[in-house]
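Let me begin by presenting the structure, written as structure tokens, before commenting on it.
The values are calculated or read from the model by the stated rules, or taken from the named source; none is laboratory data. Worth saying up front: this structure is predicted, and the values here are computed from it rather than measured. We place every Cβ from the backbone using ideal geometry, glycine too, and count neighbours over all the protein chains shown.
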Amino acid sequence: MSRSIQEKIDLTVNWLREKVEESNTKGLVVGISGGIDSALVAYLIKRAFPNNSLGVILPCKSNSKDRLDALEVAEGCEIEHVEVELSEVHDQLFDNVKKTMERNELLDENNNLRLSDANLRARLRMSTIYCIANSLNYLVVGTDNAAELHTGYFTKYGDGGVDILPIANLLKREVYEWSRYLGVPQSVIDRAPSAGLWEGQTDEKEMGTTYDMVDDLLEGKEIPKKDQEIIERLHKRSEHKRRVADAPPVF
């Protein structure tokens, strides 16, 4: 007999508490982006630790709508939250890196500066969250769902660099189901999934397929060959993200 959403949420909340107890930490922290995945996680950790959970909002050359949605999430679940503006830090570091590469003649037309820029934002955000988490002795909670983990749609050592992943086994459609059930703001539920990496960027546009297609594949359903090939290519290309760093055998 399948469990109800409430039962699954209760089990997840209990699991979060167990992880904190096992790690001898005091609570949980999550970066709130304004997207549905981080919104759901914020609602879950607030339930698990009403007095020891924290949301961190991290604008980094972001669309102002992202910040407003993140604030609505924080206020909706009544989680304590802080905001750290990273735009200036990002500009200084990225400009310094570019100038250093130019000076050493390492830049050419083959360099993917847009991806480098986007990944730096994700890693700066996670470094900031860990700085806060370490200060409080909290665990850092990740927001990746099953579809993102399968396709590698996360930044290595950015949003992928976390302590625990409470929604890692949820399909994207289940993320929406749980979010509606818990009362996540409708504006967040309605927005197109986006990592906010650059203006106009959306997850599905970047992946070249849809979350529905990924969910169907993970459920063992038949999907169009074109989508299957895209998803399989994404999965294979991102295998390194799902493993610990390789090391040579003992000789």
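Some notes on this structure:
- Of all residues in segment 30-55, those satisfying the criterion of being crowded, with 23+ Cβ neighbours inside 10 Å and either over 19 Å from the mean Cα position of the chain (by Cα) or aliphatic (A, V, I, L, M) (or both) are 30, 32, 36, 39, 40, 41, 42, 44, 45, 54.
- Number of positions in segment 88-108 that are touching a helix residue (DSSP H, G or I) at 6+ places or on another chain (Cβ under 9 Å) and surrounded by 12 or more Cβ atoms within 10 Å (Cβ to Cβ): 7
- When residues of segment 51-66 are limited to those that are in a strand (DSSP E or B) and of a type outside the set (Ser, Thr, Tyr), the one farthest from residue 125 (Cα to Cα): 54
- Pairing residues of segment 1-23 that are without any contact (Cβ under 8 Å) to a residue 60 or more places away in the chain with residues that are exposed (fewer than 14 other Cβ atoms within 10 Å of the Cβ) and hydrophobic (A, V, I, L, M, F, W, C), at Cβ distances under 9 Å and at least 6 apart in sequence or on separate chains, gives 3/11.
- Members of segment 117-131 that are hydrophobic (A, V, I, L, M, F, W, C), more than 20 Å from residue 166 (Cα to Cα) and out of contact with any Phe, Trp or Tyr (no Cβ under 7 Å at 6 or more places or on another chain): 124, 131
- Residue, modelled with the highest pLDDT, within segment 193-224, restricted to residues that are of a type in the set (A, V, I, L, M) and within 15 Å of the chain's Cα centre (by Cα): 195
- Residue 46 among the charged types (D, E, K, R), touching a strand residue (DSSP E or B) at 6+ places or on another chain (Cβ under 6 Å) and over 17 Å from residue 71 (Cβ atoms): no
- Single residue of segment 115-170 satisfying the filter (in a helix (DSSP H, G or I) and among the charged types (D, E, K, R)) that is modelled with the lowest pLDDT: 117
- Scope segment 136-159; condition touching a Lys or Arg at 6+ places or on another chain (Cβ under 7 Å) and either small (Gly, Ala, Ser) or surrounded by fewer than 20 Cβ atoms within 10 Å (Cβ to Cβ) (or both); matching residues: 136, 137, 147, 152, 156, 157, 158
- The residues of segment 160-195 that are touching a strand residue (DSSP E or B) at 6+ places or on another chain (Cβ under 9 Å), surrounded by 20 or more Cβ atoms within 10 Å (Cβ to Cβ) and touching a residue at least 40 places away in the same chain (Cβ under 8 Å) amount to a single one, 166.
- Selection within segment 222-251 - in a helix (DSSP H, G or I) and under 21 Å from residue 156 (Cα atoms): 230, 231, 232, 233, 234, 235, 236, 237, 239, 240, 241, 242
- Which numbered condition residue 19 fails, given (1) within 19 Å of residue 132 (Cα to Cα); (2) not in a helix (DSSP H, G or I): (2)
- Filter result (assigned to a helix (DSSP H, G or I) and not charged (D, E, K, R)) within segment 93-114: 93, 94, 96, 97, 100, 101, 113
- Of all residues in segment 107-119, those that are free of Cβ contacts under 8 Å to residues at least 40 places away in the same chain and more than 15 Å from residue 60 (Cβ to Cβ) have Cβ atoms under 6 Å from Cβ atoms of residues that are assigned to a helix (DSSP H, G or I) and not basic (Lys, Arg), 6 or more apart or on another chain, in 107/101.
- Scanning segment 81-92 for residues that are hydrophobic (A, V, I, L, M, F, W, C) and either in a loop (DSSP other than H, G, I, E, B) or within 21 Å of residue 157 (Cα to Cα) (or both) yields 84, 86, 89.
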